[in-house]
Number of protein chains: 2
Amino acid sequence: MSGATASLAQFIAASRWADVPASVRHDAKRSLLNWLGCAIGGSNAPSVGLAIDALATFAGPAQATVINRGLRFDVATTAVINGVSSSVLDFDDTHLHTVIHPSVPVASAALALAEHLEAPGEDLVHAFIIGIEAACKVGNAISPEHYACGWHVTSTCGVIGAAAACARLLALDDTQAAYAIGMAASQSAGLSEMLGSPTRMFNMGHAARGGFMAAWYASRGIGSSARALEAPRGFANAFTTRCDWSVLTDTLGVTWEIAANAFKPYPCGIVVHPVIDGCLLLRKRHAIDAAGIERVEVTVNPAVQTIMSHPEPADGLRSKVSAQHCIAVAIVHGAAGVHQFTDPVVREPAVADLRRRAFLLCCDAMAKDAAKVCVVMKDGTRHETFVEHSKGSAELPLTDRELEDKFRSLMAHGRIGGDADRMIAMMWTLETVADAGAVARV
Amino acid sequence: MSGATASLAQFIAASRWADVPASVRHDAKRSLLNWLGCAIGGSNAPSVGLAIDALATFAGPAQATVINRGLRFDVATTAVINGVSSSVLDFDDTHLHTVIHPSVPVASAALALAEHLEAPGEDLVHAFIIGIEAACKVGNAISPEHYACGWHVTSTCGVIGAAAACARLLALDDTQAAYAIGMAASQSAGLSEMLGSPTRMFNMGHAARGGFMAAWYASRGIGSSARALEAPRGFANAFTTRCDWSVLTDTLGVTWEIAANAFKPYPCGIVVHPVIDGCLLLRKRHAIDAAGIERVEVTVNPAVQTIMSHPEPADGLRSKVSAQHCIAVAIVHGAAGVHQFTDPVVREPAVADLRRRAFLLCCDAMAKDAAKVCVVMKDGTRHETFVEHSKGSAELPLTDRELEDKFRSLMAHGRIGGDADRMIAMMWTLETVADAGAVARV
């Protein structure tokens, strides 16, 4: 075998825990801690309840645990639900080059299968790393054109990542792993149009499910194409206008995408994060009272205008893609946490008023992780700042301590009992845990 | 609401059985009879056993029947397996304009749900018709460019058809039906690369499952885009280079795609069917003995060369897309039924020998349902015929009696007990059957 599919399959089948550098293992545990926090924090969201209600009627035996809900379903169903809960807050990780949020599909699938298999923590972390590499390196090969074609890249590439992680957990050989990739590629789906609706979370849950099933099918002897990614009528042909598989084939096991995974300090669209940093900074520095503001002008990369200019979001969900709402809560509340993107806050008069006085000025030269923020007061005073790199960006990643604080805040939001310190300690030593399923049963 | 998604949703929600013309009802029963025969005939194929083995581990409660296997699983799982069994023989129907095989995804989903709901036969036939219209009219709007982009159109459009059928069975209102379409569009998947592997059947089974789940999610209050088909970052944008939604919006309830559904007399690629007709005719007319043949020359539309020139198929599955194999069995066996596309027949020396002496001559002017066949004997004699329209084409559809004969042969292949005449009679009067699930429990 040769080609992208074979290279990826061989990487999946041949990878050994001992080959994974220590720093990569640590990066993986950072991602898993962040993912688990998101799943706990999102576990009580209405969409999760609806997902459970809809899926329970058809669910199979109690094989895997729905995080923080006291329910157990079959692996595939659990993967969907944990995919919904870990993405519903839009607080999950981002592979910055591709804008894939890789942990949701990969961890939701891998953890459910690991629990069913009673696999040790080491195997889960290892499989998770392999899955992230698969999703993000496939994404690298077809970005940015793939996203520009209208695809929800987290689900389209995530299903392949989920398949790779589960292929590793099931110890597939390289032929089976290629079939798992093929079956996953032929289930790859998800439209960007859904980013403003609850279907967004299901795109990711279905990617987790589809990837798991692809690996399981392959493990049970069901065949597929061995050239699904690169064949003339295969994945890249259908899903992108340009691709370069050498960025996958030349880097597998050499560079690690998980090291480029970033974590959001705010549960909303990432392109507006430098704006929030600037607003929070100015509010604190100048003790700004929102009632005295004439207008807020932010100078941003045009992506903010394209993706997030929604001055009147209808509800909490849609406020996450409203740059104007982000500006308003950062200044009115002095915070942009999970609470600031809920329906009641969207309806607060002071927030709604400031949203209407927030203006986006686009500048092609502004980097995506930078912004200029200017608050113009009614008395004519102008407060300005320039944010060169937003918190959570590649240049200014969240520290381990900041990730722990984020985990604690998500635990509080999820109204979970239990000892946060003990859970955090378990995640930092996950490769030594005898039963990976303990993560799901937190 | 306006636009393609809203039009389709309103059609689904507003359609009443009384609005469906009698001829359309009869066409639907022809399609369902053909589909059930294919599912019975395919039910013992190895791929079906593998699907059952893989899925049973995760399946939910006994809600719907796996055709001819004495097993019951949850609706979603059953839809996948019946999708595999009804497509595995490649003997299912074809909507000629789009090359969609619409009954597999639509009927597999609708029957499983109808059985679970204990819906009457009338509701099943009605929902099936609505689903076929949705799949094929969406297909019409994006064809032929969509297929040319590398998509397996039966699964990409079939998931929308399955959602429409299940939306009708669940009596969704127009908002819910639009969400069902949206959720289905965002699960739409399937690569043409898979047409030569077992993943092909799973593409269709997954389309059935995804469409059912989409409608179920919508019925349980999960939202989606209301403009999934036509939105700038929606279905058509991602899945085709050109579309014309007016062919959907202007024709819903006016023309009926199920009337344009064709049935294969031979379980192999449809473009070679006129060649088979010609070979069978010459063999019978001249009592041709294969041993006396020097060569067979067939003049065909270039599509035959492009899709089906495979002189040495590796096995039964691949012989279905080998024009040379079709020629060989038609002349050696005087038949091109299910048996002729099995591994043992592929290995028969006489068949293998004649495959190597079968030659395709392409002619742009030859219609796709026409062919010229010339058998050149070793003694120099030439037997020739021209087939203007192949059996099963739009101009020469299978008669009801021919469909009944096909059903009987598929029952025999599926080694099913029971009274074929009674089953055929039930299908012709399906709208009067009290419990649609009786179809699945044949």
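Numerical summary
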{"quantity": "Counted residues, the range A:295-311 - those being surrounded by fewer than 14 Cβ atoms within 10 Å (Cβ to Cβ) and modelled with pLDDT of 95 or more", "calculated": "0"}
{"quantity": "Pair list, Cβ under 7 Å, 6 or more apart: the range B:409-421 residue in the same structural domain as B:Gly37 (by TED's automatic domain parsing) and among the aliphatic types (A, V, I, L, M), other residue modelled with pLDDT of 90 or more and in a loop (DSSP other than H, G, I, E, B)", "calculated": "B:Ile416/B:Asn68"}
{"quantity": "Sole exception among (1) within 14 Å of chain B (Cβ to nearest Cβ); (2) out of contact with any Pro (no Cβ under 8 Å at 6 or more places or on another chain) for A:Thr154, by number", "calculated": "(2)"}
{"quantity": "Residue in the range A:9-20 that is over 28 Å from A:Pro265 (Cβ atoms) and touching a strand residue (DSSP E or B) at 6+ places or on another chain (Cβ under 6 Å) present", "calculated": "yes"}
{"quantity": "Those residues of the range B:45-59 which are more than 7 Å from every other protein chain (Cβ to nearest Cβ) and free of Cβ contacts under 8 Å to residues at least 60 places away in the same chain, in sequence order", "calculated": "B:Ala45, B:Pro46, B:Val48, B:Gly49, B:Ile52, B:Leu55, B:Ala56, B:Thr57"}
{"quantity": "Members of the range B:194-204 that are facing chain A (nearest Cβ under 8 Å) and either within 19 Å of B:Cys136 (Cα to Cα) or touching a strand residue (DSSP E or B) at 6+ places or on another chain (Cβ under 6 Å) (or both)", "calculated": "B:Asn203"}
{"quantity": "Subset tally (residues that are on the phi > 0 side of the Ramachandran plot and among the aliphatic types (A, V, I, L, M)) for the range B:77-129", "calculated": "1"}
{"quantity": "Any hit, the range A:369-384, residues being within 18 Å of the chain's Cα centre (by Cα), more than 26 Å from A:Glu118 (Cβ to Cβ), outside the structural domain of A:Gly70 (by TED's automatic domain parsing) and part of a loop (DSSP other than H, G, I, E, B)", "calculated": "yes"}
{"quantity": "Qualifying residue in the range B:155-173 (condition: acidic (Asp, Glu), over 15 Å from the mean Cα position of the chain (by Cα) and part of a helix (DSSP H, G or I))", "calculated": "no"}
{"quantity": "Candidates B:Gly269, B:Gly223 - the one that is at the interface with chain A (Cβ under 9 Å from one of its Cβ atoms), in contact (Cβ under 8 Å) with a residue 12 or more places away in the chain and either out of contact with any Asp or Glu (no Cβ under 6 Å at 6 or more places or on another chain) or of a type in the set (Gly, Ala, Ser) (or both)", "calculated": "B:Gly223"}
{"quantity": "Given (1) over 20 Å from B:Val439 (Cβ atoms); (2) in a helix (DSSP H, G or I); (3) over 16 Å from the mean Cα position of the chain (by Cα); (4) more than 10 Å from chain A (Cβ to nearest Cβ), number of the condition B:His126 does not satisfy", "calculated": "(1)"}
{"quantity": "Any hit, the range A:247-258, residues being among the aliphatic types (A, V, I, L, M), surrounded by fewer than 20 Cβ atoms within 10 Å (Cβ to Cβ) and touching a helix residue (DSSP H, G or I) at 6+ places or on another chain (Cβ under 7 Å)", "calculated": "yes"}
{"quantity": "Residue that is surrounded by the fewest Cβ atoms within 10 Å (Cβ to Cβ) [pool: residues in the range B:71-90 that are modelled with pLDDT of 95 or more and either more than 13 Å from chain A (Cβ to nearest Cβ) or under 19 Å from B:Leu403 (Cβ atoms) (or both)]", "calculated": "B:Leu71"}
{"quantity": "Of residues in the range B:237-249 being polar (S, T, N, Q) and within 13 Å of chain A (Cβ to nearest Cβ), the one nearest to the chain's Cα centre (by Cα)", "calculated": "B:Thr240"}
{"quantity": "Boolean, A:Met213 is surrounded by 24 or more Cβ atoms within 10 Å (Cβ to Cβ), part of a helix (DSSP H, G or I) and at the interface with chain B (Cβ under 7 Å from one of its Cβ atoms)", "calculated": "no"}
{"quantity": "Single condition A:Ala110 does not satisfy, out of (1) buried (at least 24 other Cβ atoms within 10 Å of the Cβ); (2) within 13 Å of another protein chain (Cβ to nearest Cβ)", "calculated": "(2)"}
{"quantity": "Any chance B:Ala207 is touching a strand residue (DSSP E or B) at 6+ places or on another chain (Cβ under 9 Å) and either closer than 30 Å to B:Gly337 by Cβ or facing chain A (nearest Cβ under 9 Å) (or both)", "calculated": "no"}
{"quantity": "Residues of the range A:398-415 satisfying the condition of being surrounded by fewer than 17 Cβ atoms within 10 Å (Cβ to Cβ) and in a loop (DSSP other than H, G, I, E, B)", "calculated": "A:Thr399, A:Arg415"}
{"quantity": "Candidates A:Leu191, A:Leu252, filtered to the one that is at pLDDT 95 or above and more than 8 Å from chain B (Cβ to nearest Cβ)", "calculated": "A:Leu252"}
{"quantity": "Test: A:Val99 is buried (at least 24 other Cβ atoms within 10 Å of the Cβ) and among the hydrophobic types (A, V, I, L, M, F, W, C)", "calculated": "no"}
{"quantity": "First in the range B:182-194 and at negative phi and not assigned by TED's automatic domain parsing to the domain that holds B:Val88, second anywhere and buried (at least 24 other Cβ atoms within 10 Å of the Cβ) and assigned to a helix (DSSP H, G or I), Cβ under 6 Å, 6 or more apart", "calculated": "none"}
{"quantity": "Among the residues listed as B:Ala425, B:Ala350, the single one being assigned by TED's automatic domain parsing to the domain that holds B:Asn68, surrounded by fewer than 19 Cβ atoms within 10 Å (Cβ to Cβ) and either modelled with pLDDT of 95 or more or within 30 Å of B:Val439 (Cα to Cα) (or both)", "calculated": "B:Ala425"}
{"quantity": "Flag for A:Gly278 being at pLDDT 95 or above, closer than 23 Å to A:Thr156 by Cβ and surrounded by 24 or more Cβ atoms within 10 Å (Cβ to Cβ)", "calculated": "no"}
{"quantity": "Among the candidates B:Ala228, B:Ala208, B:Ala238, residue that is touching a Gly at 6+ places or on another chain (Cβ under 9 Å), in a helix (DSSP H, G or I) and either touching a residue at least 12 places away in the same chain (Cβ under 8 Å) or more than 22 Å from A:Ser186 (Cβ to Cβ) (or both)", "calculated": "B:Ala208"}
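Listed here are the residues, each with its yes/no results for (1) surrounded by 14 or more Cβ atoms within 10 Å (Cβ to Cβ); (2) at pLDDT 95 or above.
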{"position": "B:Arg318", "(1), (2)": "yes, no"}
{"position": "B:Val321", "(1), (2)": "yes, no"}
{"position": "B:Val329", "(1), (2)": "yes, yes"}
{"position": "B:Val332", "(1), (2)": "yes, yes"}
{"position": "B:Pro344", "(1), (2)": "no, yes"}
{"position": "B:Asp379", "(1), (2)": "no, yes"}
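The values are calculated or read from the model by the stated rules, or taken from the named source; none is laboratory data. Note that the structure is predicted; figures quoted are calculated from it, not measured. Counting neighbours? That spans all protein chains shown, and the Cβs are built from the backbone with ideal geometry, glycine included.
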